[in-house]
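Read the structure below first, then the notes.
Please treat every number below as a calculation from the coordinates, not as lab data. Not measured: the values here are computed from a predicted model. Positions of Cβ are backbone-derived with ideal geometry, glycine not excepted, and every protein chain shown enters the neighbour counts.
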Amino acid sequence: MTYQSNPVTTPTVGIAKRATRQKIATKKRLPLIIPILLCLGVGAMFSLSLAPYKLWTIAILSPMVLYACLVGEDRAGRAFWIGQAYGFGLWVVGAFWLYTSIHEYGNIPTWLALIMIALMAFIMGLFHAVMAWAFVRFVGRQPLAFASLWVLQEWVKTWLLTGFPWLFVGYAFTDVAWISSLAPMFGVLAISFVAVLFGASVVEVFRQKLGFLLISAFLVLFAMMMWVISPKWTTPTGEKLSMSLIQGNIPQDLKWLTEYRYETLRIYAELSASEWGQDVVVWPEASIPMFQDEAWEFINEVHTHARMQGATWVTGIPYKDVENFDPATREYPHLYNSVLALGEDSGGLYKKQNLVPFGEYIPFEGMLNILPDLAGMQDVASFSRGDDNQKPLLVKNQPMGSAVCYEVAYPDTTRKNAKDTQFLLTVSNDAWFGTSAGPLQHLQMVQMRSMETGRWFARATNTGVTAFIDDKGRIVSQATPFVPTVLRGEVPMMMGVTPFMRWGSYPILLLAFILVGLSFIVKRQSRYDASHELYYQGEGVRD
């Protein structure tokens with residue numbers, strides 16, 4: 001046998017691609033509609049794993065089916081639409097609670113509200129679509145790459161276009177102690193990684209590849225070991241604060257009416273009348289439905305009463321920064337959705353950092369000047385974003401971390417706010433979402449933030465769910481939703497920091513990037529090797 005080089009053909013990846021396409025041509029492929037419908041269904045089913053249903057096994061099964069549909073797929077274009085179907089089902093059902101605010105409180109007709117929900121689900125579904133496309137196109141189709149890409153798409157949802165960090169796999173395991181033990185070390189994204197990896201590895205068992213299941217089993221055993229050992233990342237200082245959380249139950253359709261604002265203040269004042277013997281009295285987000293310069297008389301009156309009783313008053317309030325307003329540079333002062341603390345040995349103002357697009361600010365408002373008819377929109381309902389590094393509020397000489405409503409869904413924002421504090425508070429108004437699953441999913445996120453930071457959380461809301469949550473993420477007590485009530489409790493002060501507070505999501509993100517990079521390199525190498533084999537077998541070797 002003599003070797004004779006081919007003057008025209010050289011060993012390139014193109015040879016492997018042509019051979020692959022020939023194999024595909026003879027391979028029997030399922031019609032695309034079948035995996036699309038299957039993944040649409042399991043995506044829609046995912047929300048059953050979250051509150052209020054908490055069927056956590058579905059959080060393993062749902063991504064597992066998507067993996068099974070993608071692992072045998074050989075066309076990235078088909079994978080994109082399979083992933084899009086999964087993401088659409090996930091969001092159209094999992095975030096359908098938005099319909100309540102759009103239709104009932106936004107006065108949008110039913111047909112248009114449904115179209116808006118579908119459009120939102122399609123846009124958010126693109127995260128899973130791109131993930132599925134990248135999984136088939138660029139990396140070796142195996143569980144480690146799939147779980148890594150899954151974590152990365154969840155992480156991107158915490159910052160892209162200000163983010164919408166909802167419906168993460170890890171939240172399904174808030175009440176599952178043996179795996180949620182990873183939260184104080186690596187955060188919710190690590191729990192997502194282990195759950196998705198385990199489900200994908202089960203699929204590989206049926207494909208007679210047991211190695212990935214062993215890796216998954218090791219990670220599960222590690223999580224269970226942490227649960228058994230239960231390291232004391234944070235410990236009580238021995239001090240406690242008695243606290244009253246005031247749930248006013250102000251109807252959302254009346255809350256911002258000018259003629260109802262004083263009735264709102266009366267309701268909160270009456271509910272609080274018997275509570276000033278407590279260390280702290282907390283009113284929820286925007287419980288004072290006007291800016292502080294409009295309500296200064298009322299604020300001074302309540303503050304004086306609280307101080308005389310030796311209590312601290314914490315309230316959500318819209319804040320107008322009139323002190324730093326320069327008419328030469330701005331037409332209006334900066335506006336903030338804020339939390340104000342007043343009282344004996346207490347004080348401070350926290351300004352919300354993660355704002356709700358179109359609800360609290362207009363995205364790309366500076367670009368609206370291009371269109372004269374829209375230029376006036378840039379000052380409508382536009383709050384400014386608070387600084388990243390704000391000092392904790394001081395409550396009875398104890399530093400308290402704060403979160404306003406939806407921003408508690410951001411793991412790394414909450415961990416930054418928790419630094420140098422001894423307990424945490426979130427104020428919220430979930431009346432926008434009625435009796436839907438939205439407020440319960442929101443509460444589940446607060447539970448996860450407690451585990452990640454090793455801090456007690458007090459959650460004061462307008463309509464529910466008002467609750468006290470301990471440092472292990474367990475709900476100690478909660479108020480009945482949609483009832484004007486007072487929830488009393490004691491909150492222990494905690495000291496120490498968890499690994500997640502120190503390092504945030506960076507360790508799991510670094511691991512995910514490394515695994516995706518290695519998988520990409522291995523796939524490239526296998527294609528290169530395949531091209532050489534085809535070359536020597538068919539085009540460069542002659543007898």
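Going through region 326-360, which GluC sites (Glu not before Pro) have at most 12 other Cβ atoms within 10 Å and a DSSP loop state? Please report the intermediate quantities before stating the final value.
Details: sites: E331, E344, E360; in loops: E331, E344, E360.
Taking region 326-360 and a limit of 12 other Cβ atoms within 10 Å, the loop GluC sites (Glu not before Pro) found are E331.
How large is the helix-only mean residue ellipticity at 222 nm for the chain, computed as the sum of -39500 (n - 2.57) over DSSP H runs with n ≥ 4, divided by its residue count, in deg cm²/dmol to the nearest 500? Mind showing how you got there, number by number?
Details: 17 runs with 235 residues, N = 543.
Computed mean residue ellipticity for the chain: -14000 deg cm²/dmol.
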Exercise. Once the Cα atoms of helix 33-45 and of the chain are each reduced to a long axis, what angle between those two axes, in degrees from 0 to 90 to the nearest 10, is obtained?
Worked result: 30 degrees
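Give, in nm to one decimal, the length gained when the segment between L510 and R488 is fully stretched (0.36 nm per residue of separation minus the Cα-Cα distance).
Working: separation 22, 0.36 × 22 = 7.92 nm, distance 4.22 nm.
Result for the pair: 3.7 nm of gain on full extension.
Hey, with R₀ at 35 Å, roughly what FRET efficiency would L114 and D293 work out to, going by the Cβ-Cβ distance, to 0.05? Spell out each step's value before the answer.
On the way: r = 41 Å, r/R0 = 1.17.
After rounding to 0.05, the efficiency reads 0.30.
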For this session: Order these peptides, 210-217, 174-181, 78-85, by their mean beta-carbon neighbour count within 10 angstrom, highest first.
Result: 78-85, 174-181, 210-217
Exercise. Can you pick out the pairs among K54/K391; K240/K391; K255/K419 whose Cα atoms lie more than 32 Å from each other?
Worked result: K54/K391; K255/K419
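What order, most packed first, do the peptides 257-265, 436-444 have when packing is the mean number of other Cβ atoms within 10 Å of each residue? All intermediate terms of the calculation are to be shown ahead of the outcome.
Numbers: 257-265: 14.0, 436-444: 21.8.
Going from most to least packed, we get 436-444, 257-265.
Within the chain, what percent of beta bridges assigned by DSSP are antiparallel, to the nearest 5? Don't jump to the answer; show the numbers that get you there.
Values: 37 of 54 bridges.
If I count the DSSP bridges inside the chain, around 70 percent turn out antiparallel.
Would you order D74, D326 from fewest to most other beta-carbon atoms within 10 Å of each residue's own beta-carbon? The partial results should precede the final answer.
Values: D74 14, D326 7.
Lowest count first: D326, D74.
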Exercise. For the Cα atoms of the chain, what angle does the longest principal axis make with the long axis of helix 13-26, in degrees from 0 to 90, nearest 10?
Worked result: 90 degrees
For this session: Can you tell me how much longer the chain between L161 and N300 gets when fully stretched, taken as 0.36 nm per residue apart minus their C-alpha distance, in nm with one decimal?
Result: 46.2 nm
Problem set entry | 0 to 90° range, to nearest 10: angle between helix 261-272 axis and the chain longest Cα axis | 80 degrees
Problem set entry | Whole-Å distance, taken between Cα centres, linking region 163-205 and region 251-328 | 39 Å
For this session: Starting from the Cα of Y105, move 7 Å in the Cα-to-Cβ direction to define the label point; list residues of region 458-473 whose amide nitrogen is under 16 Å from there.
Result: 460-466
For this session: Compute the distance in nm between two label points, each set 7 Å from the Cα along the Cα-to-Cβ direction, one at T258 and one at R330.
Result: 2.3 nm
Exercise. Near D253, within a Cβ-to-Cβ distance under 13 Å, what is the net charge of the other residues, with Lys and Arg +1 and Asp and Glu -1?
Worked result: -1
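Could you quote the convex hull projected area for the chain, Cα atoms only and averaged over all directions, in nm²?
Values: hull surface 124.7 nm².
Dividing the Cα hull surface by four gives the mean projection, 31.2 nm².
Tell me, in nm to one decimal, what length is gained between V220 and S477 on full extension, where the rule is 0.36 nm per residue of separation less the Cα-Cα distance?
Difference between extended and current length: 89.5 nm.
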Seminar exercise, completed: Magnitude of the Cβ-charge dipole (Lys and Arg +1, Asp and Glu -1) of the chain about the Cα centre, nearest 20 debye, reported as 2960 debye
